[in-house]
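The values are calculated or read from the model by the stated rules, or taken from the named source; none is laboratory data. Computed from a predicted model, the values in this text were never measured in an experiment. Heads up, the Cβs are rebuilt from the backbone with ideal geometry, glycines too, and the neighbour counts pull from every protein chain shown. With ligands, DNA and RNA removed, areas are computed over all heavy atoms of the protein, side chains included. Shrake-Rupley method; radii C 1.70, N 1.55, O 1.52, S 1.80 Å.
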Amino acid sequence: MRQLKGKPKKETSKDKRERKQAMQDARKQVATVVLPTVAVVVLLIVFFVYAATRPGSIQ
């Protein structure tokens, strides 16, 4: 039977398995890439704020 334009095809079990695997890989990437990157950015911000607001030497 011919597929009509604009109508999504029915998801097969193979498609479903691939989609679940892709979601699992994305979750792993969040833990291994995104969280350390965010931690480094936060530490840099804290360091720059500390460096900008520390008291200067008294003369």
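Things worth noting here:
- Computed with a 1.4 Å probe over protein heavy atoms only, the accessible area of THR32 comes to about 100 Å².
- 29 Å Cα-Cα reach of LYS7 towards lysines, excluding residues that sit fewer than 8 places from it in its own chain: LYS16, LYS20
- Cross-link partners for LYS28 among the aspartates and glutamates, with Cα-Cα distance under 19 Å and sequence neighbours closer than 8 places in the same chain left out: GLU18.
- A crude spin-label estimate for the pair THR37 and LYS10, with each label 7 Å from Cα along the Cβ direction, gives 4.0 nm.
- The simple spin-label model puts a point 7 Å past each Cα toward its Cβ; for VAL49 and LYS20 those points are separated by 4.3 nm.
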